[in-house]
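Below: the structure, in structure tokens.
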Amino acid sequence: MTTGSSAATDSADRDALAGRRPDRRWPATVPPVIVSALVLGALRAPLLAPHSPMEGSLGERLVAPLGIFEGAKRLTRTALVGLGAMIFLAPVVAAQSPVKTARIGILASGTASTQAARYEAFRQGLNELGYVEGRNIVIEYRYAEGKSERLPALAAELVRLKVDLILTAGDQGVRAAKQASQTIPIVVALVNDLVGPGYVASLARPGGNITGLTTLTSELSAKRLELLKTAFPKVSRVAILWNPSNAGNVTAFKETEAAARALRIQLVPLDVRRADDFESAFPAALRARADALIAMGDALLVTHRARIADFAAKNRLPAMYGNEDYMDAGGLMFYGPNVADMYRRAATYVDKILKGAKPGDLPVEQPTKLELVVNVKTAKALGLTFLPSFLLRADRVIE
């Protein structure tokens, strides 16, 4: 009389001979413990078998010692090939398992067109770290389009989307993000100061949910005025475009005032809090007979950089700018950190936080390299000439 086990084995053999697949369904992936056991069994089979160590096929010695099922020695060659394929393909299948997609919110003060270069640099930084937009990371872009009053609502919108992290820049962007959430990590790619306004406790130990990079603008403001005077020694009255609503600009303005006294230069403050303020700021500079211009690094000012550069060109005013983006609009001179590089470095913060690091434990970084960029092409259009000694100091010359 045939037992149920033998009948099942005979049936499996007949199915294999007939080219039919057996009814037994193996899982899509083989647990590592089973793979290890099978390999171990293959190695131990010669020692455990009561007959010749080399007797039987590899498949017989692989499964027989484990007693996975009775009659395993009668497995057909087709079944063995299938089992082997399953074992070797298991890691491949496991590697294709779904990966959690991170969601990043970008809170930008400017427009998509005016800030395209910096976010392209940010994405490049992410790509270098293994992140690809649309595959394992999703980026939600929110642009205030030069209207800082929109930032709080846009920040709140990103919080409602339950983003894993917010990337922003500028004093007003940081303030809006911080007010919107005290728990979602906030990475700052570019800001004048984080310690002064109280966004972080210190550069070394930020604490809270904010970290990122600062531009050292307050320290650089005096240097920018000095370089402007060096390039054009006859300058004596300098109009300075700044945003009093920007905490970093306030600190930078004070530093510029101190430098102006030392250089015997008269400053002409031009307050710009909203886009409409340009209508009164430019005429004020002309009435004061300013013979040079400084435009600080501020999201509103940078958004309108083409308008500012055009004003300087029409009135033949040598100008120094506090943000590299001004140079794309035909700016004359810039001194400070490379903006694209800072956004690329911000991707490193994002990577660390997504891997479990706490923002408060990641030290705030400062620029590692400062650049003096000079636009000779613009100088010629303005009828200005740089001293050869000054051009030798430039890190980059646009011709």
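Some points to look at:
- The set of residues in region 163-185 that are assigned to a loop (DSSP other than H, G, I, E, B) and at pLDDT 95 or above comprises 163, 164, 181, 182, 183, 184, 185.
- From the options 258, 292, residue that is more than 25 Å from residue 117 (Cα to Cα) and touching a strand residue (DSSP E or B) at 6+ places or on another chain (Cβ under 7 Å): 292
- Number of residues in region 378-392 that are under 37 Å from the mean Cα position of the chain (by Cα) and free of Cβ contacts under 8 Å to residues at least 24 places away in the same chain equals 2.
- Region 271-285, subset in a helix (DSSP H, G or I) and of a type in the set (A, V, I, L, M, F, W, C), residue surrounded by the most Cβ atoms within 10 Å (Cβ to Cβ): 285
- Selection status of residue 361, surrounded by fewer than 14 Cβ atoms within 10 Å (Cβ to Cβ), modelled with pLDDT of 95 or more and not hydroxyl-bearing (Ser, Thr, Tyr): yes
- Qualifying residue in region 114-129 (condition: open to solvent by 40 Å² or more (accessible area, probe 1.4 Å), of a type outside the set (Val, Ile, Thr) and at pLDDT below 95): yes
- The set of residues in region 160-177 that are surrounded by fewer than 22 Cβ atoms within 10 Å (Cβ to Cβ) and in contact with a strand residue (DSSP E or B) (Cβ under 8 Å, 6 or more places away or on another chain) comprises 161, 162, 164, 165.
- Residues satisfying the stated conditions in region 252-270, i.e. open to solvent by 90 Å² or more (accessible area, probe 1.4 Å) and more than 33 Å from the chain's Cα centre (by Cα): 261, 264, 266
- Members of region 140-159 that are out of contact with any strand residue (DSSP E or B) (no Cβ under 8 Å at 6 or more places or on another chain), of a type outside the set (A, V, I, L, M, F, W, C) and either open to solvent by less than 20 Å² (accessible area, probe 1.4 Å) or assigned to a helix (DSSP H, G or I) (or both): 146, 148, 149, 150, 152
- Hits in region 179-200 - residues which are open to solvent by 30 Å² or more (accessible area, probe 1.4 Å) and either closer than 19 Å to residue 249 by Cα or touching a Pro at 6+ places or on another chain (Cβ under 9 Å) (or both): 179, 180, 193, 195, 196, 197, 198
- Within region 317-344, tally of residues that are of a type in the set (D, E, K, R), closer than 24 Å to residue 224 by Cα and surrounded by 19 or more Cβ atoms within 10 Å (Cβ to Cβ): 2
- The single condition among (1) in contact with a helix residue (DSSP H, G or I) (Cβ under 8 Å, 6 or more places away or on another chain); (2) within 16 Å of residue 269 (Cα to Cα); (3) of a type outside the set (D, E, K, R) that residue 250 does not satisfy is (1).
- Candidate set: region 201-237, residues that are out of contact with any Asp or Glu (no Cβ under 9 Å at 6 or more places or on another chain) and over 24 Å from residue 324 (Cβ atoms); chosen: the one surrounded by the most Cβ atoms within 10 Å (Cβ to Cβ): 209
The values are calculated or read from the model by the stated rules, or taken from the named source; none is laboratory data. Fair warning: this is a prediction, and the values are worked out from it, not measured in the lab. With ideal geometry, Cβ positions are generated from the backbone for all residues, glycine too; neighbour counts draw on all protein chains shown. Accessible surface is based on the protein model in full, side chains and every heavy atom, while ligands, DNA and RNA are left aside. Shrake-Rupley method; radii C 1.70, N 1.55, O 1.52, S 1.80 Å.
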